[in-house]
Amino acid sequence: MPPARKRPRAYDPAKTRKAVLAQFATVREGVTGLGAERLALPTRLGEWTVRDLAAHLSLAVESVSRALDRPAPAKAECGPLDYGAATAPFADAIAEGSHALAEATADLGALYAETEHRITERLAAAPHDRIIDTRAGAMSLADYLVTRTVELVVHTDDLNAAVPGLDLPLDRHALATCVRLLADTLAARAPGGSTEVRIPPYAVVQCVEGPRHTRGTPPNVVETDPLTWVRLATGRLEWATALDEAKVSASGERADLSALLPLLT
């Protein structure tokens, strides 16, 4: 018999909402304090400047409000695990929209204030199970907000990497949700039970085809910290570099994840 299909991970919708709002408020405070010189700094995202990245983050959050302003689809078609692959074809359009908004916006502080006001207002009136239309397809509001934690955590880390001394903190629940979604994405794309990936204290998943262990220590184990995992999963850090710098440990013949990463770019 084929192995039973795993039930998708459940996320607490109230905590996810709170985490999205909290992390965006943190980014808003940090971005509002940046002057023109630091907004013009390069980032690790190719030609993107800090201003471009800040504009993109506002769009990532504003997408929630815009979706809630549109009519609700009849039913959900996808969930958080579908999001990364489904949105990849829109990468160029997303980049163009972010650059255009950055160029057209003189006051990023005002943009962030309006974005924060709109999402706070829209979420207050929307139930968790409200179906919304997204680039990936129709999904529940609760599921879409899970994907927003990835945008916020990944790009907060990008901002910190680009701006010396910025050091914006990460909301604990936002980081946990982001780590879990990326770990589950790996397990979904490389199903199996031969390799255990541990990202303490937030996630443990099994993946990769091969002999499945049933007790004791698995023969193939990968372990790393939450931010290193986020960077590996999104192409900010190379697998070989992480190994060389002892940011990840990998034991066993099926513990090499280099061919499976990054999951998102």
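Quick check on Val205: is it assigned to a helix (DSSP H, G or I), at pLDDT 95 or above and in contact with a helix residue (DSSP H, G or I) (Cβ under 6 Å, 6 or more places away or on another chain)?
Values: assigned to a helix (DSSP H, G or I): no; at pLDDT 95 or above: yes; in contact with a helix residue (DSSP H, G or I) (Cβ under 6 Å, 6 or more places away or on another chain): yes.
In short, no.
Mind checking which pairs have a first residue in region 7-32 that is farther than 21 Å from Gly109 by Cα and a second that is assigned to a loop (DSSP other than H, G, I, E, B), Cβ under 7 Å, 6 or more apart or different chains?
Between residues of region 7-32 that are farther than 21 Å from Gly109 by Cα and residues that are assigned to a loop (DSSP other than H, G, I, E, B), the close pairs are Pro8/Gly79; Pro13/His128.
Here's the yes/no breakdown for (1) closer than 27 Å to Gly30 by Cβ; (2) without any contact (Cβ under 8 Å) to a residue 40 or more places away in the chain; (3) touching a Lys or Arg at 6+ places or on another chain (Cβ under 6 Å):
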residue: His99; (1), (2), (3): yes, no, no
residue: Ala104; (1), (2), (3): yes, yes, no
residue: Asp107; (1), (2), (3): yes, yes, no
residue: Leu111; (1), (2), (3): yes, no, no
residue: Ile119; (1), (2), (3): yes, no, no
residue: Arg130; (1), (2), (3): no, no, no
residue: Ala138; (1), (2), (3): no, no, no
residue: Val150; (1), (2), (3): yes, no, no
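Of the residues that make up region 88-100, is at least one over 21 Å from the mean Cα position of the chain (by Cα), of a type in the set (D, E, K, R) and under 26 Å from Leu181 (Cβ atoms)?
Taking region 88-100 as the starting set, the residues that turn out to be over 21 Å from the mean Cα position of the chain (by Cα) are 100.
Next, only the ones that are of a type in the set (D, E, K, R) stay: none.
So far as region 88-100 goes, no, none of its residues is over 21 Å from the mean Cα position of the chain (by Cα), of a type in the set (D, E, K, R) and under 26 Å from Leu181 (Cβ atoms).
Yes or no: region 141-151 includes at least one residue that is under 26 Å from Leu237 (Cα atoms) and of a type in the set (Gly, Ala, Ser).
Within region 141-151, none of the residues are under 26 Å from Leu237 (Cα atoms) and of a type in the set (Gly, Ala, Ser).
Of all helices (runs of 4 or more DSSP H) completely enclosed by region 69-179, which ones contain at least 2 residues that are farther than 21 Å from Leu261 by Cα and open to solvent by 60 Å² or more (accessible area, probe 1.4 Å)? Spell out the reasoning first.
Numbers: elements: 80-87, 91-104, 108-125, 141-162.
Filter on region 69-179 gives 91-104, 108-125.
Please work out which one of (1) open to solvent by 40 Å² or more (accessible area, probe 1.4 Å); (2) in contact (Cβ under 8 Å) with a residue 24 or more places away in the chain is the condition Glu47 fails and give its number.
Glu47 satisfies every listed condition except (2).
Yes/no per residue for (1) in contact (Cβ under 8 Å) with a residue 24 or more places away in the chain; (2) touching a strand residue (DSSP E or B) at 6+ places or on another chain (Cβ under 6 Å):
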site: Asn220; (1), (2): yes, yes
site: Leu232; (1), (2): yes, no
site: Gly235; (1), (2): yes, no
site: Glu238; (1), (2): no, no
site: Asp244; (1), (2): no, no
site: Ala250; (1), (2): yes, yes
site: Leu261; (1), (2): yes, no
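Is it the case, given these coordinates, that Leu257 is of a type outside the set (Val, Ile, Thr), within 18 Å of Arg180 (Cα to Cα) and either open to solvent by 10 Å² or more (accessible area, probe 1.4 Å) or in contact with a Lys or Arg (Cβ under 8 Å, 6 or more places away or on another chain) (or both)? So that I can check it myself, show each step before the final result.
Details: of a type outside the set (Val, Ile, Thr): yes; within 18 Å of Arg180 (Cα to Cα): yes; either open to solvent by 10 Å² or more (accessible area, probe 1.4 Å) or in contact with a Lys or Arg (Cβ under 8 Å, 6 or more places away or on another chain) (or both): no.
Considered against the rule, which asks whether it is of a type outside the set (Val, Ile, Thr), within 18 Å of Arg180 (Cα to Cα) and either open to solvent by 10 Å² or more (accessible area, probe 1.4 Å) or in contact with a Lys or Arg (Cβ under 8 Å, 6 or more places away or on another chain) (or both), Leu257 comes out as no.
When you scan region 226-245, do you find a residue that is in contact with a Gly (Cβ under 8 Å, 6 or more places away or on another chain), aliphatic (A, V, I, L, M) and open to solvent by less than 40 Å² (accessible area, probe 1.4 Å), even just one?
Here is the first cut: in region 226-245, the ones in contact with a Gly (Cβ under 8 Å, 6 or more places away or on another chain) are none.
Within region 226-245, none of the residues are in contact with a Gly (Cβ under 8 Å, 6 or more places away or on another chain), aliphatic (A, V, I, L, M) and open to solvent by less than 40 Å² (accessible area, probe 1.4 Å).
Given the criteria open to solvent by 60 Å² or more (accessible area, probe 1.4 Å), at pLDDT 95 or above and not in a loop (DSSP other than H, G, I, E, B), does Glu196 qualify?
Details: open to solvent by 60 Å² or more (accessible area, probe 1.4 Å): no; at pLDDT 95 or above: yes; not in a loop (DSSP other than H, G, I, E, B): yes.
The answer is no for Glu196.
So Val204 ticks every box in (1) β-branched (Val, Ile, Thr); (2) more than 23 Å from Pro8 (Cα to Cα); (3) surrounded by fewer than 17 Cβ atoms within 10 Å (Cβ to Cβ) but one. Which box is left unticked?
(2)
Need pairs with beta-carbon distance below 8 Å; first residue farther than 20 Å from Tyr11 by Cβ and within region 155-175, second basic (Lys, Arg) and in a loop (DSSP other than H, G, I, E, B); sequence gap 6+ or separate chains.
Asp157/Arg236; Asp158/Arg44; Asp158/Arg236; Ala161/Arg44; Ala161/Arg236; Ala162/Arg44
The values are calculated or read from the model by the stated rules, or taken from the named source; none is laboratory data. Predicted, not measured: the structure shown is a model, and the values here were computed from it. Every residue, glycine as well, gets a Cβ built from its backbone with ideal geometry; the counts of neighbours run over all protein chains shown. We work out accessible area using only protein heavy atoms, side chains counted, and drop any ligands, DNA or RNA first. Shrake-Rupley method; radii C 1.70, N 1.55, O 1.52, S 1.80 Å.
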